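**Q** First, the structure itself, so that you have it in front of you.
Nothing in this text is a laboratory measurement; each read-out follows from the coordinates by a stated rule. Note that this is a predicted model, so its numbers are computed, not measured. Heads up, the Cβs are rebuilt from the backbone with ideal geometry, glycines too, and the neighbour counts pull from every protein chain shown.
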Amino acid sequence: MPADAPPDSDRDARLLDLAGVLDGLCDRVGRAVSWLSLLMVIVTFLVVVLRYSFDLGWIAMQESVSYMHAALFMLAAAYTLQRGGHVRVDILYQRLSPRGRAWVDLLGTLFLLAPVCVFLAWSGWGYVAESWAVWEGSREAGGIPAVYLLKSLILAMPLLLLLQGLAWALRTGLLLAGYAAGLSLLDGKDG
């Protein structure tokens, strides 16, 4: 079967659609939280101006910058993976054929990304559950009373990375099965 043949079964089309849905979810989350970088700059500017010009300050406002920073980096990790923005050693990868790259991506997803994400979720579960059990709030008077939400990012990050990894595995699997349409990772999104 030619490498550019369309999926010949409903199952393959559904798998490709599922990969598209997962990509879309990670894309929307990444684009949404990217606005937090601008908001962090604005809030930080306000904190400095209020403190040094008006001798005013609120702990919650200062803490909000840490919350936004954590949300930005933890929730945008899957988006960054999708866009090929994570650090990688490309010495050999760039020299491989699209099929070779697909093998590297599939094996890397299955044997590196997935186990690390499962470990992060498994090891963070108790930590997050304890925080939710007591509705953990800030240790500072006047701080944000939702530390449990901040700690929930510890579980959200590996979940989103696993979803993006699943989309990647589906696409690379379809490419390796002979469907070039299965892999949009090599047509410019993949650094």
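**Q** Explain nothing, just compute: Karplus ³J(HN,Hα) = 6.51 cos²θ - 1.76 cosθ + 1.60, θ = phi - 60°, for every residue of the stretch 156-166 in order, whole Hz, x for Gly and Pro.
**A** Computed from phi, the couplings for the stretch 156-166 are 5, 4, x, 5, 5, 5, 5, 4, 5, x, 5 Hz.
**Q** Which residue, Ala71, Ala141, Ala102, tops the fluctuation ranking in a GNM of the chain built on C-alpha contacts under 10 Å?
**A** Evaluated over the chain, the most mobile residue of the options is Ala141.
**Q** Quote the FRET efficiency, to the nearest 0.05, computed for Leu92 versus Leu112 with a Förster distance R0 of 22 Å and r equal to the Cβ-Cβ distance.
**A** FRET efficiency, Leu92 to Leu112: 0.90.
**Q** Considering the convex hull of the alpha carbon atoms of the stretch 11-52, report its projected area averaged over all viewing directions, in nm², one decimal.
**A** The directionally averaged projection comes out at 2.6 nm².
**Q** Kindly write out, for the stretch 61-68 in residue order, the coupling ³J(HN,Hα) from the Karplus curve 6.51 cos²θ - 1.76 cosθ + 1.60 (θ = phi - 60°), rounded to whole Hz, with x marking Gly and Pro.
**A** Coupling constants for the stretch 61-68: 5, 5, 5, 4, 5, 5, 4, 5 Hz.
**Q** If you take the beta carbon distance between Leu38 and Leu159 as r and set R0 to 25 Å, what does 1/(1 + (r/R0)^6) give as a FRET efficiency, to the nearest 0.05?
**A** Step by step, r from the Cβ atoms, then E = 0.50.
**Q** Okay, next question. So between Phe119 and Leu25, what do we pick up on full extension, going 0.36 nm a residue minus the alpha carbon distance?
**A** 31.6 nm
**Q** Using amide H atoms built 1.01 Å from N in the peptide plane, name the residues 5+ places from Ala76, or on other chains, whose amide H lies under 5 Å from its own.
**A** none
**Q** Of all the stretches in the chain, which is the longest one without any exposed loop site, taking trypsin sites (Lys or Arg not before Pro) in a DSSP loop (any state but H, G, I, E, B) with at most 15 other Cβ atoms within 10 Å?
**A** Excluding the exposed sites themselves, the longest stretch runs over 1-87.
**Q** If you fit an axis through the alpha-carbon atoms of helix 10-54 and take the longest principal axis of the Cα set of the chain, what angle between them do you get, 0 to 90°, nearest 10?
**A** For helix 10-54, the angle is close to 20 degrees.
**Q** Round to the nearest 0.05 the FRET efficiency obtained for Leu50 and Ala13 when R0 = 41 Å and r is the Cβ-Cβ distance.
**A** 0.15
**Q** Name the most mobile residue of Gly137, Gly173, Gly126, meaning the one with the largest mean-square fluctuation, in a Gaussian network model of the chain with Cα contacts below 10 Å.
**A** Result: Gly126 has the largest fluctuation of those listed.
**Q** If I take the Cα coordinates of the chain and project them onto the principal axes, what are the three extents in Å, biggest first?
**A** Extents along the principal axes, in whole Å: 71, 37, 32.
**Q** Please compute the length gained on full extension between Ala133 and Ser152, using 0.36 nm multiplied by the number of residues separating them and subtracting their Cα-Cα distance.
**A** Here the segment from Ala133 to Ser152 would lengthen by 5.6 nm.
**Q** Would you mind counting up the charge near Gly137? Only other residues with Cβ under 14 Å from its Cβ, with Lys and Arg at +1 and Asp and Glu at -1.
**A** Surrounding charge for Gly137 is -2.
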